[in-house]
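Laboratory data are not the source of any read-out in this text; all were calculated from the coordinates shown. Computed from a predicted structure; not experimentally measured. Cβ coordinates were reconstructed from backbone atoms using ideal geometry, including for glycine residues, and neighbour counts include every protein chain displayed.
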């Protein structure tokens with residue numbers, strides 16, 4: 001690049017030239033560098049997850065230098081007084097050493113753990129953004145599935161890490177997993193003894209979890225992140241509606257130099273936030289919990305937040321549903337939560353395909369939906385969030401009871417009821433709210449914003465001046481697809497298949513209640529109809545200021 | 001025939017065996033649970049205590065401490081029980097509910113001792129512990145282990161408190177004096193079980209108190225503790241403050257420059 005100019009190129013230019021002549025990087029960089037990304041805060045949530053992952057790898061590598069995944073027994077001889085001489089596993093002892101005796105060990109542990117919580121949280125929020133804006137539609141359905149797998153892998157990475165310190169809390173968590181595995185009819189006990197190398201807790205499991213935690217799961221995450229980002233490059237990024245933004249283009253800034261600078265800076269901001277939190281707030285004080293011993297269980301034993309919804313499912317499952325088949329008891333207290341959570345995950349993974357089946361929409365979508373413009377999807381999302389949220393809150397019934405001075409039993413029953421009716425209420429309220437917002441949008445497009453300015457016309461009539469919305473706003477309000485229910489029609493054989501009937505029924509649920517976007521004709525009519533000269537001045541001024 | 005029947009086959013033999021068994025086990029139990037008997041205070045102090053008792057406690061516990069509709073009998077609960085209940089403000093109780101809360105103490109040290117002396121004079125019971133067990137110079141490792149095995153399932157691993165059924169709860173242990181901790185262990189107030197001296201020896205109790213004093217006096221090395229209630233607080237913190245702050249940054253970065 002630099003050698004075309006007359007000026008002598010400096011060190012950077014020479015280096016670039018040297019590399020380009022040998023690796024032809026210029027072409028690649030040009031291709032990548034000219035990739036356009038739109039600018040919006042909600043597009044940066046996935047980035048936060050990515051940066052948290054980088055921080056996890058960095059801090060985790062540090063921890064591997066000092067952590068020893070062995071369950072052999074030792075007597076602790078480190079500097080934490082209330083555990084001096086206590087019998088414990090080497091895994092726990094080395095975790096304590098990292099916390100108390102290795103320079104920078106505690107901050108690294110805390111960075112690692114806070115980053116893990118943030119990683120899964122940011123990934124979850126990113127998924128919600130993608131869901132509510134319809135970014136999973138064609139051509140991005142497969143990338144939704146990859147993202148979903150990343151979220152599940154995040155949970156797996158978190159859980160295997162949570163179990164490594166071999167303190168009382170992590171041991172209790174493992175014991176619950178062991179119980180759930182053993183609850184699976186027929187194959188459960190065999191899986192459990194295979195996993196733990198005999199009866200729980202055994203002497204193997206920490207080393208096995210360590211292999212999973214530092215090799216297999218992170219390797220899968222790295223591969224999935226690679227695929228995820230490649231697909232973003234292939235599909236290009238989505239954008240919100242606006243003037244000139246269509247399903248055939250992307251409006252934004254180029255990767256280089258704008259986003260390289262922005263993203264680089266953003267990485268350090270995320271790192272800074274995590275470091276600041278880690279330096280000031282304790283996370284997982286393993287020294288409080290003591291070495292793992294199968295007999296004690298401390299009050300307030302909970303998993304990290306991303307496993308919380310599964311713990312909640314276990315807590316909320318009613319007792320007394322067990323079934324006996326040929327003398328074998330099927331423990332429904334374990335099976336119900338297991339099946340419900342797996343079905344929930346399957347629905348999340350399959351949602352893009354379900355919606356596509358309902359709409360029969362084969363076109364590509366690169367312009368995002370505002371959540372209100374697809375009321376049923378948004379309502380389904382709200383119901384799902386409520387369902388997940390109640391399960392999540394269900395994991396802390398005991399803390400809710402003590403901290404708000406309520407009865408534990410009543411909190412539990414309230415949660416059970418809420419788990420069933422909460423999503424229904426959320427669905428209904430959200431759908432109605434979306435439709436009302438759409439009506440308000442229509443009103444705004446047709447009649448403009450109420451200014452509160454009352455004008456008296458020469459002949460005595462009073463009118464309130466409505467200010468027409470500007471062009472950017474207008475695009476936001478009218479640029480969406482209005483789906484209509486699909487009727488069940490006979491196919492070429494003259495039959496109406498069950499699938500078609502089902503689709504037609506679901507389609508009716510989706511699109512029976514709908515607010516059509518303002519059409520061009522409606523818009524022109526509304527503005528030609530009652531637009532006093534004084535008012536129609538306004539939009540021209542606005543447009544000018546935009547162009548300037 | 002009859003005379004050849006061994007003694008142990010006689011009809012009354014079983015009765016005698018059961019009787020002896022009951023005496024041995026019951027007596028042994030009584031001997032083992034025989035806690036330090038309260039020293040009875042001076043007659044003036046007991047009399048002073050009786051007056052206070054009649055004025056403040058008798059409506060629920062009966063005029064002779066024999067118990068009434070509102071409250072249990074206090075015969076045999078000992079001075080330790082009075083010192084704990086009145087000394088932490090739980091007694092005299094206000095209202096009824098699943099469990100009584102701590103509240104500001106209603107009586108002076110002297111008045112509490114007088115009432116304790118009076119109740120101790122009714123029947124032998126656990127005494128107020130000696131200072132030697134309350135200094136916190138025991139073995140914190142042993143205390144911590146005992147605490148995790150015996151106390152943490154209700155009070156949480158660092159005594160942050162926890163829930164019991166039907167609105168009952170195990171209170172947080174922060175700020176509780178060693179004396180009251182010891183008394184709670186020997187008397188088992190409200191929903192707490194009794195940890196008598198054969199269950200946890202006075203030395204064991206001393207170790208537990210040492211552990212509690214250690215964690216109370218030493219701040220967490222990791223920074224603010226978020227209530228020491230574990231992963232729930234950490235998760236909420238991540239979502240509200242961690243992610244909240246990061247979203248603020250994304251909005252800032254995504255803002256259009258004017």
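Taking other Cβ atoms within 10 Å as a rough exposure proxy, B:18, B:158, B:46 sort from fewest to most as B:18, B:46, B:158. Helical content alone sets the calculated 222 nm signal of chain A at -20000 deg cm²/dmol, taking -39,500 (n - 2.57) per DSSP H segment of four or more residues and averaging over every residue.
Note down the Stokes-Einstein diffusion coefficient of chain B in µm²/s, whole number, using a Kirkwood radius over alpha carbon pairs, 10 °C, and 1.306 mPa s. Using the Kirkwood radius from Cα pairs, D works out to 72 µm²/s. Comparing B:94, B:85, B:106 in a Gaussian network model of chain B where C-alpha atoms under 10 Å apart are linked, the largest mean-square fluctuation is found at B:94.
For chain B, the mean residue ellipticity at 222 nm estimated from helices alone is -14500 deg cm²/dmol, where every DSSP H run of n ≥ 4 contributes -39500 (n - 2.57) and the total is divided by all residues, rounded to the nearest 500. By how many degrees, 0 to 90 and rounded to 10, does the Cα axis of helix B:243-254 deviate from the longest principal axis of chain B? Computed tilt is about 10 degrees.
Counting Cβ atoms of other protein chains within 10 Å of each Cβ in A:40-49 and taking the mean gives 4.
Measuring how big the stretch B:131-217 is from its alpha-carbon positions, Rg and Dmax come out at 11.9, 38 Å. Label separation (residue A:459 vs residue B:73): 10.0 nm, computed from points 7 Å beyond Cα along the C-beta direction.
Modelled spin labels at residue B:20 and residue A:72, positioned 7 Å past Cα toward Cβ, are 5.4 nm from each other. The mean sequence separation of alpha-carbon pairs under 8 Å and at least six residues apart, normalised by the residue count of the stretch A:38-299, gives a relative contact order of 28 percent. Between helix B:140-150 and chain B there is an angle of about 80 degrees, using the helix long axis and the longest principal axis of the Cα atoms. The Stokes-Einstein estimate for the protein assembly as shown, based on a Kirkwood radius over Cα pairs and taken at 25 °C with 0.890 mPa s viscosity, is a diffusion coefficient of 76 µm²/s. Footprinting exposure proxy ranking of A:159, B:19, A:200, fewest other C-beta atoms within 10 angstrom first, gives B:19, A:200, A:159. From Cα pairs below 8 angstrom and at least 6 apart in sequence, can you work out the relative contact order of chain A, rounded to a whole percent? Relative contact order, chain A: 15 percent.
Note on B:54, A:412, A:186: ascending count of other Cβ atoms within 10 Å places them as A:186, B:54, A:412, the fewest first. Each Cα pair under 8 Å and six or more residues apart adds its separation to the average, and for chain B the resulting relative contact order is 18 percent.
Sorting the segments A:471-479, A:319-327, B:203-211 by their mean number of nearby beta carbons within 10 angstrom, highest to lowest, gives B:203-211, A:471-479, A:319-327. The length gained on full extension between residue A:32 and residue A:57, counted as 0.36 nm times the residue separation minus their Cα-Cα distance, comes to 6.5 nm. If you run the Gaussian network model on chain B, springs between alpha carbon atoms under 10 Å, then out of B:79, B:14, B:58 the most flexible one is B:14.
Centroid-to-centroid, using Cα positions, the stretch B:92-151 and the stretch B:228-258 are 44 Å apart.
Against chain A, whose longest principal axis is taken from its Cα atoms, helix A:168-183 shows a tilt of about 80°.
For the pair the stretch A:104-140 / the stretch A:336-371, the C-alpha centres are spaced 20 Å from each other. Springs join every pair of Cα atoms under 10 Å in this Gaussian network model of chain B, and among B:194, B:221, B:105 the largest mean-square fluctuation is at B:221.
Measuring r between the beta carbons of residue A:508 and residue A:175 and using R0 = 56 Å, the FRET efficiency lands at 0.70. The mean count of C-beta atoms from other chains within 10 Å of the C-beta of residues in B:215-227, rounded to a whole number, is 5.
Mean per-residue shielding of peptide A:391-403 is 5, counting Cβ atoms of other chains within 10 Å of each Cβ.
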